[in-house]
1. Over 18 Å from Y10 (Cβ atoms), small (G, A, S) and surrounded by 10 or more Cβ atoms within 10 Å (Cβ to Cβ) - does that describe any residue in the stretch 39-61?
2. Kindly provide the set of residues from the stretch 88-125 that are of a type in the set (F, W, Y) and under 30 Å from K62 (Cα atoms), ordered by number.
3. Within the stretch 72-122, track down each residue that is charged (D, E, K, R) and either outside any helix (DSSP H, G or I) or in contact with a helix residue (DSSP H, G or I) (Cβ under 7 Å, 6 or more places away or on another chain) (or both).
4. Quick one: how many residues across the stretch 20-38 are touching a helix residue (DSSP H, G or I) at 6+ places or on another chain (Cβ under 7 Å) and either surrounded by 13 or more Cβ atoms within 10 Å (Cβ to Cβ) or assigned to a helix (DSSP H, G or I) (or both)?
5. Filter the stretch 6-19 down to the residues that are loosely packed, with under 13 Cβ neighbours inside 10 Å and either in contact (Cβ under 8 Å) with a residue 24 or more places away in the chain or hydrophobic (A, V, I, L, M, F, W, C) (or both) and list them by number.
6. Within the stretch 78-87, identify whether any single residue is aliphatic (A, V, I, L, M), touching a Gly at 6+ places or on another chain (Cβ under 9 Å) and exposed (fewer than 15 other Cβ atoms within 10 Å of the Cβ), and answer yes or no.
7. Go through (1) modelled with pLDDT under 95; (2) closer than 30 Å to I3 by Cα; (3) part of a helix (DSSP H, G or I); (4) not hydrophobic (A, V, I, L, M, F, W, C) one by one and return the number of the condition E48 breaks.
Amino acid sequence: MKIAEVTHKYNISRQTLYYWERIGLLYTIAKDSNGYRNYDEENLKQIEFVSCMRNAGMTVNKLKKYMVLYSSGEQTFGQRKQLIADQLDEIKHQILKYKNAQQVLEYKLNHYEELENSFNKKNAK
């Protein structure tokens, strides 16, 4: 798959892909005879994973650590599992924070709607 297709499919920029490749989040990308990158199925899986982890708030440094562990083999399963578990805990914390904020905003919105209705009724008289 060519880079334009990848950027469209994953909604990421060329610069992001180049950056991820440069810092080691993506392994070697094959190039054709003209020097154009050709992303294979393994590259796409990596892009999908990295993109998902970035969307989940994982830092580039943690992702780099994960990729180093991944390339180190099976003996790093526990460390990789811990990185993923920590990120999941962080997401759960963020979701709880957003749910609390949502409740406050919904309460305030209902309150202002009640005030607005009361004001409109008073001025309609």
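The values are calculated or read from the model by the stated rules, or taken from the named source; none is laboratory data. Given the structure is predicted, the values throughout are model-derived calculations rather than measurements. All Cβ positions, glycine included, derive from the backbone under ideal geometry; neighbour counts span all protein chains shown.
1. Initial filter on the stretch 39-61 (over 18 Å from Y10 (Cβ atoms)): 59, 61.
Checking which are small (G, A, S) leaves us with none.
For the stretch 39-61, residues over 18 Å from Y10 (Cβ atoms), small (G, A, S) and surrounded by 10 or more Cβ atoms within 10 Å (Cβ to Cβ): absent.
2. Just the residues of the stretch 88-125 that are of a type in the set (F, W, Y), to begin with: 98, 107, 112, 119.
Of everything in the stretch 88-125, just one residue is of a type in the set (F, W, Y) and under 30 Å from K62 (Cα atoms), namely Y98.
3. Filtering the stretch 72-122 down to residues charged (D, E, K, R) leaves 74, 80-81, 86, 89-90, 92, 97, 99, 106, 108, 113-114, 116, 121-122.
Listed by number, the list holds a single entry, R80.
4. Just the residues of the stretch 20-38 that are touching a helix residue (DSSP H, G or I) at 6+ places or on another chain (Cβ under 7 Å), to begin with: 20, 23-27, 29, 37.
Then keep just the ones that are either surrounded by 13 or more Cβ atoms within 10 Å (Cβ to Cβ) or assigned to a helix (DSSP H, G or I) (or both); that gives 20, 23, 25-26, 29, 37.
So the count comes out to 6.
5. Of the residues in the stretch 6-19, the ones loosely packed, with under 13 Cβ neighbours inside 10 Å are 8, 11, 13-15.
Matches in the stretch 6-19: none.
6. Of the stretch 78-87, the ones aliphatic (A, V, I, L, M) are 83-85.
With the extra rule that they be touching a Gly at 6+ places or on another chain (Cβ under 9 Å), the set shrinks to none.
Within the stretch 78-87, not a single residue is aliphatic (A, V, I, L, M), touching a Gly at 6+ places or on another chain (Cβ under 9 Å) and exposed (fewer than 15 other Cβ atoms within 10 Å of the Cβ).
7. Among (1) modelled with pLDDT under 95; (2) closer than 30 Å to I3 by Cα; (3) part of a helix (DSSP H, G or I); (4) not hydrophobic (A, V, I, L, M, F, W, C), E48 violates only (1).
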